[in-house]
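Structure first, then comments.
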Amino acid sequence: MIYLDNAATTWPKPESVYQAVDDCLRLIGANPGRGGHSMARQASLLLYEAREGLAELFGIEDANQIVFTHNATDAICMSIFGLLSPGDRIVTTAMEHNAVARAVRFVEAKGVQVTVIPCSGDGQLDLAAMRAAISNKPKAVIMSHASNVTGTLMPVAEVGEMTRRQGVVLIVDAAQTAGVEAIDVAGMGIDILAFSGHKGLLGPQGTGGLFVSRTVAVAPLRVGGTGSLSESDNQPEFMPDRLESGTPNTPGIAGLKAGVRFILATGRKNIQAKELALTQLLLAGLKDIAAVKLYGAASTAGRTAVVSFTLAGKDSGLIAHALDREYGIACRAGLHCAPWAHQTLGTIKTGTVRFSPGYFNTRAEIEQAIAAVRELALPGGLR
Ligand code: PMP
């Protein structure tokens, strides 16, 4: 199998990730923060070290401001539901994934006013419209760091400068970029960062996280046992306990910690460079096929490792099916849980075929994928 669906979840994981999950289940196994015995203390330490790795990667000063979540969706819901009240205003963009789109529509039905800033046909944000919306001082802006359909990198740092100046909270959905693209929360003006643990961070599914700056008050989505302040009926005010109730996914977080350590040891920039080189090869090869229409930026500048295309006159779902069945290539076709982005690109009716290379793909695999698309593009190539 040639796996080109890393935007959905990365595979394979580094060997150390598999090992860490297994070691955690077999050797640590206790409930973190719930007991003074040495196994429970080891489990607590594991969680803390995982937070420290993430803090190093994202330029976060206090690792305790990071909480673990089930995934990026969970983190986004925690931030939107915990921050906004009826009457508040929030601004977002026309390239968002349903993780953001549905969350903002959900609070809109409860009285939050939502403004969606348009993007161009290749997924670029209308910065002037964003500036105007921010100057109206909404409570928050929520935007993805990169589109999961086109890989287009959004101008987070520019928006961060505007939100900071106006005292507006900036929430960033880094599901597609965490672990690969540079993220520096202080330097980019990010107040809240939501991320998946199972994509670029190379951890297992069922992991994700949320960073909340000390300057922003986010009410808990869930309350309950935290292992701290057990005598009180009330949720602790301090982080991470304030936003982390119930037994965490400790084996998953052990894997996430190992994924982050792999990134820090390999060098995030080296991972990014390899993924972009594969993406460049893919873009150049697909561009040579006359029937292919590519979406998003023409080059890898301003793009992460995601490539969406359509083949003239051919159904995206059937192409993905043929790639899987006849060529052993895993990719994703359709709307990718991002109908707003497809509306923006003009592909809401057709969807696209999406290839998303990862660090463990090879140039030979990319060349095979291009050759497969070339064959499928021939008349009668798609049976
Ligand atoms: N936002 C974006 C931009 C995404 O690509 C995804 C995953 N496809 C999500 C949010 C949701 O991430 P998760 O599956 O970790 O909840």
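The values are calculated or read from the model by the stated rules, or taken from the named source; none is laboratory data. Note that the coordinates shown come from a computational prediction; the quantities given were computed from them, not determined experimentally. Cβ: placed from backbone, ideal geometry, glycine included. Neighbour counts: every protein chain shown.
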Of all residues in region 93-151, which are surrounded by fewer than 22 Cβ atoms within 10 Å (Cβ to Cβ), in contact with a strand residue (DSSP E or B) (Cβ under 9 Å, 6 or more places away or on another chain) and on the phi > 0 side of the Ramachandran plot? LYS137
Qualifying residues in region 340-383 (those that are outside any helix (DSSP H, G or I), of a type in the set (A, V, I, L, M, F, W, C) and in contact (Cβ under 8 Å) with a residue 12 or more places away in the chain) - the one nearest to ARG303 (Cα to Cα): PHE355
Taking the stated definitions as given, is THR279 of a type in the set (Val, Ile, Thr), in the same structural domain as ILE366 (by TED's automatic domain parsing), touching a residue at least 12 places away in the same chain (Cβ under 8 Å) and assigned to a loop (DSSP other than H, G, I, E, B)? no
Just checking, does region 35-57 include any residue being outside any helix (DSSP H, G or I), touching a helix residue (DSSP H, G or I) at 6+ places or on another chain (Cβ under 6 Å), more than 16 Å from the ligand (Cβ to nearest atom) and outside the structural domain of TYR295 (by TED's automatic domain parsing)? no
Can you confirm whether region 2-12 contains a residue that is farther than 20 Å from ASN71 by Cα, within 16 Å of the ligand (Cβ to nearest atom), of a type outside the set (Phe, Trp, Tyr) and surrounded by 19 or more Cβ atoms within 10 Å (Cβ to Cβ)? yes
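Matching residues to (1) of a type outside the set (D, E, K, R); (2) within 22 Å of ALA178 (Cα to Cα); (3) not assigned by TED's automatic domain parsing to the domain that holds GLY179:
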{"residue": "ASN64", "(1), (2), (3)": "yes, yes, no"}
{"residue": "ILE76", "(1), (2), (3)": "yes, yes, no"}
{"residue": "GLY87", "(1), (2), (3)": "yes, no, no"}
{"residue": "THR93", "(1), (2), (3)": "yes, yes, no"}
{"residue": "GLU96", "(1), (2), (3)": "no, yes, no"}
{"residue": "ALA101", "(1), (2), (3)": "yes, yes, no"}
{"residue": "GLY111", "(1), (2), (3)": "yes, no, no"}
{"residue": "ILE117", "(1), (2), (3)": "yes, no, no"}
{"residue": "GLY121", "(1), (2), (3)": "yes, no, no"}
Test each condition in (1) under 19 Å from HIS145 (Cβ atoms); (2) surrounded by 22 or more Cβ atoms within 10 Å (Cβ to Cβ); (3) modelled with pLDDT of 95 or more for LYS269 and report the one that comes out false. (2)
So is GLY302 at positive phi, modelled with pLDDT of 95 or more and not β-branched (Val, Ile, Thr) or not? no
Single residue of region 184-197 satisfying the filter (over 9 Å from the mean Cα position of the chain (by Cα) and buried (at least 24 other Cβ atoms within 10 Å of the Cβ)) that is nearest to ASN361 (Cα to Cα): LEU193
